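Here is the structure we will look at.
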Amino acid sequence: MKRNNISFKRDTFKLEILKNLKLEGQFQFPVVQGTNKILSKYEVIPFNLATGIENKQKYFVHFYIDDYQFDRIWNYPEKYLKLLKQFKGCIAPDFSMYIDMPKSMQIFNCFKSRVLSAYWQANGILVIPNATWSDFNSFEYCFDSLPKKSTIAVSSVGCIKNSKALLKFCEGYLEMKKRLSPAHILFYGEVPESLKSDKKIIQIATHMQIKIKGVI
């Protein structure tokens, strides 16, 4: 049997990070602290543009992009900590949770988001919690360790054009509100028609909207 050796230069299992974080729930997700921070529409920048942008203190970094463009923050969390500290803050990582993914993979992606969120917060970064789900089965764990009555970020990217995916998204959104009672909801992407009356929604601009406006 392998020994639990965490002395490697690269902490593959993130045990060095985890030992300093508070865990809770059935799946022992790290606890993410809440915030009442709200953002202006053009105050966000995708992670894949983070290194090249000037005036970093004007922006929050978001991860509503393909996973391959930010998976490195999980593989090398210490390396990217210095970069992220240069920004006003971050929206928690949005690792994908697709319905056709194995449950174990969905849980792990949810876990990764919590680990990095709590790790960044412990290192002085302002993190806006992010809620992600797939379908009803994910409700068992996908809201665990997220704060109540906090600002929560969500994204509808990839859901709007598929009627089944849109239905699952809206079901999860309503469950998120029921369980977390968020103070504000930062919404990245198109707001579904059935949710447009929600006064807690603050829509933030997508990368394409920002490019059209000429902010970056």
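The values are calculated or read from the model by the stated rules, or taken from the named source; none is laboratory data. All values derive from a computational prediction rather than experimental measurement. Here the Cβ positions follow ideal geometry from the backbone for every residue, glycine too, while neighbour counts run over all protein chains shown. Surface areas here come from the heavy atoms of the whole protein model, side chains and all, with no ligands, DNA or RNA. Shrake-Rupley method; radii C 1.70, N 1.55, O 1.52, S 1.80 Å.
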(request) Provide a single number: the residues in region 163-189 that are not small (Gly, Ala, Ser) and not in a helix (DSSP H, G or I). (result) 6
(request) Would you please list the contacts, defined by Cβ atoms under 8 Å and residues six or more apart or on different chains, that run from a residue in region 45-72 that is closer than 28 Å to TYR98 by Cα and in contact (Cβ under 8 Å) with a residue 12 or more places away in the chain to a residue that is surrounded by 12 or more Cβ atoms within 10 Å (Cβ to Cβ) and acidic (Asp, Glu)? (result) PHE60/GLU43; HIS62/ASP94; PHE63/ASP94; TYR64/ASP94
(message) Name the single residue that is farthest from the chain's Cα centre (by Cα) among those in region 55-71 being assigned to a loop (DSSP other than H, G, I, E, B) and within 10 Å of VAL44 (Cβ to Cβ).
(response) TYR59
(request) Run GLN121 past the list (1) under 26 Å from PRO182 (Cα atoms); (2) touching a helix residue (DSSP H, G or I) at 6+ places or on another chain (Cβ under 8 Å) and report the number of the one that doesn't hold. (result) (2)
(request) Determine whether LYS82 is open to solvent by 30 Å² or more (accessible area, probe 1.4 Å), under 23 Å from LYS37 (Cα atoms) and more than 13 Å from the chain's Cα centre (by Cα). (result) yes
(request) Sort out which residues of region 97-133 are under 24 Å from GLU43 (Cβ atoms), open to solvent by 10 Å² or more (accessible area, probe 1.4 Å) and part of a loop (DSSP other than H, G, I, E, B), and write them in order of number. (result) ASN123, GLY124, ILE125, LEU126, THR132
(request) Return the residue satisfying two criteria in turn: it lies in region 147-162 and is open to solvent by 20 Å² or more (accessible area, probe 1.4 Å), closer than 22 Å to GLN203 by Cβ and outside any strand (DSSP E or B), and of such residues it is modelled with the highest pLDDT. (result) LYS149
